[in-house]
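Each remark here refers to the structure printed beneath this line.
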Amino acid sequence: MTILFLFLALFALMFIGVPVAISLGLAGSLTIMFFSQDSVRSLAIKLFETSEHYTLLAIPFFLLAGAFMTTGGVAKRLIDFANATVGHIRGGLAIGAVMACMLFAALSGSSPATVAAVGSIAIAGMVRSGYPQAFGAGIVCNAGTLGILIPPSIVMVVYAAATETSVGKLFMAGVVPGLLLGLGLMVAIYIVAVKKNLPAMPRATFREWLSAARKAIWGLLLMVIILGGIYTGMFTPTEAAAVAAVYSAFVALFVYKDITLRDCPKVLLESGKLSIMLMFIIANAMLFAHVLTTEQIPQQITAMVLEAGLQPWMFLLVVNIVLLVAGAFMEPSAIILILAPILFPIAIQLGIDPIHLGIIMVVNMEIGLITPPVGLNLFVASAVTGMPVTQVIRAVLPWLALMLSFLVLITYVPAISLALPNLLGM
């Protein structure tokens, strides 16, 4: 009865247009008031606990680092470097856009930020060179999803907080899948480019490539600082986020000089708004997860799954279907916080690695970001290009088959996600 009321209340509130964050908090609060032995005071305690969760402190810092990198000209320099590297290949500008998304993903931790930063420059450049605008929008929309797969990733931080797994291990587990998806997109673009005879740029000389690399090096160094610092044990992922924020501010202000000290309050305000929005969703989702835990709902569902005799591969298939449906309607962090506490104990009982489950959930969230009606990347690409959202959806659809094939591969070949963390002895 409690399970039924909790989820009915949640979906009813969302159906009548109540924001997701408030729906989560209200559903949890009403369940405790009407059905639980737990005190209502526990809700206030849980909200306070969420606000002081050490792992979640990484989120505002990564958002701030991304804000400085997006506001400054880092994205333009990364695109120039990518074009100098692969622009001479048939369809090179589109391949360069994917490479730039991969590089920017390793700086920002956010998918919409990657689409906004790279898309605003790369799509216009592709159109000027004779590419169809829809083709460029479809490419950047899909490649932008790498923002939450290639570390650092805000969604991975949220999963780690919800399941108490290692952020560093999750970051390392995202490296190989991220590179694999980026490479897959590049190969697909090349095949399409050859068939459609899309243009290629003149090959950059070694001096031009060196010049582009020198200009981009300050942005590229941030990846080394974040991942190198975490792996060597120099600092925790949360400390890495703080270092990234300070470094990004230093590069934008004093090295590239794309922004002035006068612009800083605006950058801080923008990242602050994003942080508050995300933390409000997380705080309410934590309340919801608290109700799940106190009412032992995950344990009940685990028992039901084990009694039904589900095999691990069948369970993972169900997980993917549930996450793909949820991803079409909800924000990634909220989905992770609602479903991870339910799926995590079942996965452990079935012998599925929690880090592998985390990467499967992140890849599902990637697909959710380009799935209508609520796919965030679709709206960002629409705003950047001026195209109607319906046109952006049509541009993205041909690439969804590739994303779904990649999801199957990641789901049933755990070695892709776990090889690097195991190799590094994490």
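The values are calculated or read from the model by the stated rules, or taken from the named source; none is laboratory data. Keep in mind the model is a prediction, meaning the values are calculated, not measured. In this analysis, Cβ positions are derived from the backbone assuming ideal geometry, glycine residues included, and neighbour counts consider all displayed protein chains. Note: accessible area is taken over every heavy atom of the protein model, side chains too, but ligands, DNA and RNA are not part of it. Shrake-Rupley method; radii C 1.70, N 1.55, O 1.52, S 1.80 Å.
Working note: Karplus 6.51/-1.76/1.60 with θ = phi - 60° gives segment 31-40 the couplings 5, 5, 5, 8, 10, 9, 7, 5, 7, 5 Hz, where Gly and Pro are set to x.
I'd like the Kirkwood hydrodynamic radius of the chain, using the inverse of the mean 1/r over distinct C-alpha pairs, in Å.
Values: mean 1/r = 0.0453 Å⁻¹.
About 22.1 Å for the chain.
Remind me, relative contact order of segment 197-278 in percent, using alpha carbon pairs under 8 angstrom and six or more residues apart? Don't skip to the end; give the middle numbers.
Values: 24 pairs, mean separation 13.9, N = 82.
Here the relative contact order equals 17 percent.
In plain terms, if you count all Cα to Cα distances in segment 1-110 and split them into 10 Å steps from zero, the share in each step is 13, 24, 20, 18, 16, 8, 1 percent. Using a probe of 1.4 Å on the protein chains alone, the accessible area found for HIS356 is around 10 Å².
Take every Cα pair under 8 Å whose residues are at least 6 apart in sequence, average their separation, divide by the length of the chain, and the relative contact order is 24 percent.
At q = 0.08 Å⁻¹ the log10 of I(q)/I(0) for segment 270-426 amounts to -0.28, computed by Debye summation with a single uniform scatterer per C-alpha, solvent ignored. Each of the peptides 151-159, 204-212, 181-189 was scored by the mean count of other Cβ atoms within 10 Å over its residues; in descending order, highest first, they stand as 151-159, 181-189, 204-212. As a quick test, which of the pairs LYS215/LYS257; LYS76/LYS215; LYS46/LYS266 have an alpha carbon distance above 21 angstrom in this structure? In this structure, LYS46/LYS266 lie more than 21 Å apart at Cα. How many angstrom lie between the C-alpha centres of segment 69-92 and segment 365-387? Their Cα centres are 22 Å away from one another.
Over the chain, what percent of the accessible surface lies on carbon and sulfur atoms, probe 1.4 Å?
On the way: 12650 of 17970 Å².
With neighbouring chains kept in place, the figure for the chain is 70 percent.
Couplings 3J(HN,Hα) for segment 383-389, derived from phi with the Karplus relation 6.51 cos²θ - 1.76 cosθ + 1.60 (θ = phi - 60°), are 5, 5, 9, x, 7, x, 4 Hz, where x marks Gly and Pro.
For segment 405-426 versus segment 286-359, the inter-centroid distance based on Cα atoms is 19 Å.
Quote the relative contact order of segment 146-268 in percent (integer), defining contacts as alpha-carbon pairs under 8 Å separated by 6+ residues.
RCO, segment 146-268: 19 percent.
Pairs of Cα atoms in segment 134-227 fall into 5 Å distance bins, from 0 up to the last occupied one, in shares of 2, 11, 14, 16, 18, 18, 11, 6, 3, 1 percent. For segment 15-103, the solvent-accessible area with a 1.4 angstrom probe is 42 square angstrom per residue.
Over every Cα atom in segment 315-388, the radius of gyration and the widest Cα-Cα span, Dmax, amount to 13.9, 48 Å.
Give me the 1.4 Å probe accessible area per residue for segment 384-426, excluding ligands and nucleic acids, in Å².
On the way: 2170 Å² over 43 residues.
Ligands and nucleic acids excluded, the result is 50 Å² per residue.
The residues of segment 174-237 have, on average, 60 Å² of accessible surface per residue, using a 1.4 Å probe with all protein chains present.
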